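Below is one structure; the comments refer to it alone.
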Ligand code: GLN
């Protein structure tokens, strides 16, 4: 079957949940039995999200194939339970670069290269490439239809509909209906204007999703119906929710899936079954009990909004693990610098402690103190990337007596560089090839069979023999040397520093077990997981397992962390 497209555009204002709406539509279509992928278009000129500051744009999402991508792709994976490659994020920077590079190679045979048609053509080419092999592709166009930078994409949507045929492209517009406090009435005017703006591009929405505090009443629906000239039942409420996973359920209350299928000339391949999804969502919105977890982090300086957005995947991974157990998790966001000033007393209430990833020196001492507190008081601890590096530094300093032990990222002159650049990386740095010094994307780790890490990966069916995703990682350098007898797992990475091979034996002589190792085809094995033998749960990883956590398939270490807290 040729791919059918569902295009999701935003009217009125951004930041009202277009990513979640897109992920929800994709999930609904998948539940009707179709193979579905989701694509994010970012109209900015950056080539990718790798260089964007987390406090400004939220977290950088990492794909299996090493892309540094907009965090909306994270929502798609969390809803669809599948790995989405970097090609599914299209930016204006990529589109123009490709067109200019092709022009330099003589690919346009001397023709004048122009905004129209060459830019929309390249956009369509990229959309087709990302959706190849899927029956339905849901494409989210970032920003709003009124943005100048959206023009080439709207043009591409119009062309796509002409090329593929009207029944192959449906357009969903997400709009916002404000309720100004002084009149306390829901206003449809901004939505009407957005509809008009879209029609100026000769695009008419098939479905209008109305974001608002509350569901729409009959009066507003019929106003929009008349204005947009679409049937009232294609105007769908998208009221505020406590938890994003409720969104597809709400859409289905208004039969959005069937309406979209009909519009695309398709019939359901199966009856959707939402029972498990509903139960998991209830586990988040209405849990039987709740626990307190402290997240000791750094990006707190620009307020509540950006704080949570900088750690969205970790936040979601904890929720997913809690949903499975029907347990709510209250996350206490703790600024590591506070611990530096006031000591660990702010951790007293915490039933578990997480130290997530990060770069740079700020807050490091506070995080190390939090780790010491967790280790000495037998509080479940989960370290992610930087969290693992700091756990080893803490152990070296406070247990092994290596005073001043550090990562060369924080103290280049440390007498005990337990975390360091590898020799090959140092060479690349000298040659100023900074980009190549970052370990990005999924790498295979071999696990020690009797370790706690192995226990949790096996229990959650995440050993790669149980999964298909290992076949998707094409570049063998990431898989390294795989002894088939050893259990293998895949997790994503985004970091520069590694455990210094010179100290591995020293650590292993103590209480530390390196429970997972990556064996590259060339060079030293790299330590991917560590755990403490005599502690209920003190586990850390050089990877970012939060990037592979989905509502219906939570990440093993988060499940283990939470289960241990619950069993205490
Ligand atoms: N700054 C550390 C490194 O580059 C950790 C990075 C991270 O936590 N993602 O190795």
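The values are calculated or read from the model by the stated rules, or taken from the named source; none is laboratory data. Computed from a prediction, not measured in an experiment: that's the story for all the values here. Please note: Cβ atoms are built from the backbone with ideal geometry, for glycine as well, and neighbour counts cover all protein chains shown.
Scanning segment 504-535 for residues that are touching a helix residue (DSSP H, G or I) at 6+ places or on another chain (Cβ under 7 Å) and within 16 Å of the ligand (Cβ to nearest atom) gives 524, 527, 529, 530. Only one of 149, 103, 77, 122 is touching a residue at least 60 places away in the same chain (Cβ under 8 Å) and more than 22 Å from residue 200 (Cβ to Cβ); which? Exactly one of 149, 103, 77, 122 is touching a residue at least 60 places away in the same chain (Cβ under 8 Å) and more than 22 Å from residue 200 (Cβ to Cβ), namely 77. Quick one: would you say residue 440 is assigned to a helix (DSSP H, G or I), within 16 Å of the ligand (Cβ to nearest atom) and either more than 25 Å from residue 547 (Cβ to Cβ) or in contact (Cβ under 8 Å) with a residue 60 or more places away in the chain (or both)? No.
So, residue 409, is that one over 30 Å from residue 486 (Cβ atoms), out of contact with any helix residue (DSSP H, G or I) (no Cβ under 7 Å at 6 or more places or on another chain), within 16 Å of the ligand (Cβ to nearest atom) and in contact (Cβ under 8 Å) with a residue 40 or more places away in the chain or not? Considered against the rule, which asks whether it is over 30 Å from residue 486 (Cβ atoms), out of contact with any helix residue (DSSP H, G or I) (no Cβ under 7 Å at 6 or more places or on another chain), within 16 Å of the ligand (Cβ to nearest atom) and in contact (Cβ under 8 Å) with a residue 40 or more places away in the chain, residue 409 comes out as yes. Taking the conditions (1) within 16 Å of the ligand (Cβ to nearest atom); (2) under 26 Å from the mean Cα position of the chain (by Cα) in turn, residue 352 satisfies each one other than (1). Restricting attention to segment 404-421, the residues being buried (at least 22 other Cβ atoms within 10 Å of the Cβ) and not in a strand (DSSP E or B) number 1. Going by what's in this entry, would residue 134 be described as closer than 25 Å to residue 260 by Cα and outside any helix (DSSP H, G or I)? The answer is yes for residue 134. As a summary of the residue check, residue 224 satisfies the conditions (1) closer than 27 Å to residue 146 by Cα; (2) under 31 Å from the mean Cα position of the chain (by Cα); (3) crowded, with 18+ Cβ neighbours inside 10 Å except for the one numbered (2). One residue stands out among those in segment 482-497 that are modelled with pLDDT of 90 or more and away from the ligand (no atom under 16 Å from the Cβ): the one that is farthest from residue 545 (Cα to Cα), which is 489. Being within 24 Å of the chain's Cα centre (by Cα), in a strand (DSSP E or B), away from the ligand (no atom under 14 Å from the Cβ) and farther than 25 Å from residue 509 by Cα, is that true of even one residue in segment 308-328? Yes, segment 308-328 contains at least one residue that is within 24 Å of the chain's Cα centre (by Cα), in a strand (DSSP E or B), away from the ligand (no atom under 14 Å from the Cβ) and farther than 25 Å from residue 509 by Cα. Checked against (1) surrounded by 24 or more Cβ atoms within 10 Å (Cβ to Cβ); (2) within 28 Å of residue 20 (Cβ to Cβ); (3) more than 16 Å from the ligand (Cβ to nearest atom), residue 552 passes all but a single condition, namely (1).
Among residues that are at pLDDT below 95, over 13 Å from residue 354 (Cα atoms) and not in a loop (DSSP other than H, G, I, E, B), residue 424 is included.
A quick yes/no check of all residues on (1) modelled with pLDDT of 95 or more; (2) assigned to a loop (DSSP other than H, G, I, E, B); (3) under 29 Å from residue 156 (Cβ atoms); (4) touching a strand residue (DSSP E or B) at 6+ places or on another chain (Cβ under 8 Å):
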{"position": "175", "(1), (2), (3), (4)": "no, no, yes, yes"}
{"position": "202", "(1), (2), (3), (4)": "no, yes, yes, no"}
{"position": "211", "(1), (2), (3), (4)": "no, no, yes, yes"}
{"position": "214", "(1), (2), (3), (4)": "no, yes, no, yes"}
{"position": "222", "(1), (2), (3), (4)": "no, no, no, no"}
{"position": "238", "(1), (2), (3), (4)": "no, no, yes, yes"}
{"position": "249", "(1), (2), (3), (4)": "yes, no, no, no"}
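For the condition loosely packed, with under 15 Cβ neighbours inside 10 Å, within 15 Å of the ligand (Cβ to nearest atom) and either modelled with pLDDT under 95 or not in a strand (DSSP E or B) (or both), residue 429 qualifies.
Of the residues making up segment 454-461, none is crowded, with 21+ Cβ neighbours inside 10 Å, within 14 Å of the ligand (Cβ to nearest atom) and modelled with pLDDT of 75 or more. Can you say whether residue 376 is at pLDDT below 95 and more than 24 Å from the chain's Cα centre (by Cα), as far as the supplied structure shows? Considered against the rule, which asks whether it is at pLDDT below 95 and more than 24 Å from the chain's Cα centre (by Cα), residue 376 comes out as no.
The lone criterion from (1) more than 29 Å from residue 439 (Cβ to Cβ); (2) crowded, with 22+ Cβ neighbours inside 10 Å left unmet by residue 84 is number (1).
Residues in segment 258-301 that are buried (at least 16 other Cβ atoms within 10 Å of the Cβ), part of a loop (DSSP other than H, G, I, E, B) and either at pLDDT 95 or above or out of contact with any strand residue (DSSP E or B) (no Cβ under 6 Å at 6 or more places or on another chain) (or both): 264, 266, 272, 298, 299. Looking only at residues in segment 361-388 that are without any contact (Cβ under 8 Å) to a residue 60 or more places away in the chain and within 16 Å of the ligand (Cβ to nearest atom), the one that is surrounded by the most Cβ atoms within 10 Å (Cβ to Cβ) is 371.
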